Amino acid sequence: MSGLVDALVIVAVIALVIVRQFRASRVGTDRRWWLLPGVLAVLALREPQLLDTGHPTTAALVFGAEVIVGLAMGAAWAWTTRIWVEPDGAVWSRSTRASVAVWAVGIGLRLGLFGIGTLLGVHQDGSALILALAGTLLVRSGLLIWRAQSLRPAPVSATAYRDGVLRSAWKEPV
């Protein structure tokens with residue numbers, strides 16, 4: 001892919017993820033949770049210039065650091081996401097303010113890695129960022145699924161409101 005296409009894919013995925021993370025969404029435990037990270041990984045890995053051939057060791061170190069930051073960011077994002085179970089057994093999630101801090105720190109670290117790579121003369125392609133983003137999404141989704149499977153639905157008589165609608169009284173703290 002060209003640099004412009006890489007940039008558009010990165011911006012589109014990040015915009016989609018950021019918009020969706022602050023809306024309550026149902027956590028699906030089906031097998032498709034890995035699909036978007038898988039597609040992003042395939043797009044990134046099919047690029048022949050994933051690492052700078054002029055500086056292979058330095059490029060591999062910068063790339064490895066980028067992937068580690070992506071994986072750590074995915075884990076931190078998953079643990080700062082609030083999840084809860086409705087009386088019908090459906091598991092829901094929504095990111096918190098702490099998730100915003102995770103994103104800010106992650107973006108700052110990635111910019112720092114880009115700057116270090118530039119200072120060291122490493123040509124950096126968008127494929128490494130796409131692969132790290134795939135890792136972020138994969139780890140976050142996997143941890144949310146794992147957390148969701150450990151939750152139990154609230155008793156039906158947990159809380160009754162005047163409007164007659166039963167709502168869950170328990171939500172997992174962040």
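The values are calculated or read from the model by the stated rules, or taken from the named source; none is laboratory data. These figures come from a predicted structure and were not determined experimentally. Neighbour counts are summed over all protein chains in view; Cβ atoms, including those assigned to glycine, are modelled from backbone coordinates with ideal geometry. For the accessible areas, the whole protein counts, side chains as well, though only heavy atoms, and no ligand, DNA or RNA atoms are used. Shrake-Rupley method; radii C 1.70, N 1.55, O 1.52, S 1.80 Å.
Worth a mention:
- Residues that are in contact (Cβ under 8 Å) with a residue 60 or more places away in the chain, of a type in the set (G, A, S) and under 30 Å from P48 (Cβ atoms), drawn from region 76-130: G121, G126, S127, A128
- Among the residues of region 108-149, those that are at pLDDT 85 or above, in a loop (DSSP other than H, G, I, E, B) and open to solvent by less than 80 Å² (accessible area, probe 1.4 Å) comprise G121, V122.
- Any hit, region 41-52, residues being open to solvent by 50 Å² or more (accessible area, probe 1.4 Å), within 20 Å of F114 (Cα to Cα), touching a residue at least 12 places away in the same chain (Cβ under 8 Å) and part of a helix (DSSP H, G or I): yes
- Any chance R26 is surrounded by fewer than 11 Cβ atoms within 10 Å (Cβ to Cβ) and at pLDDT 75 or above: no
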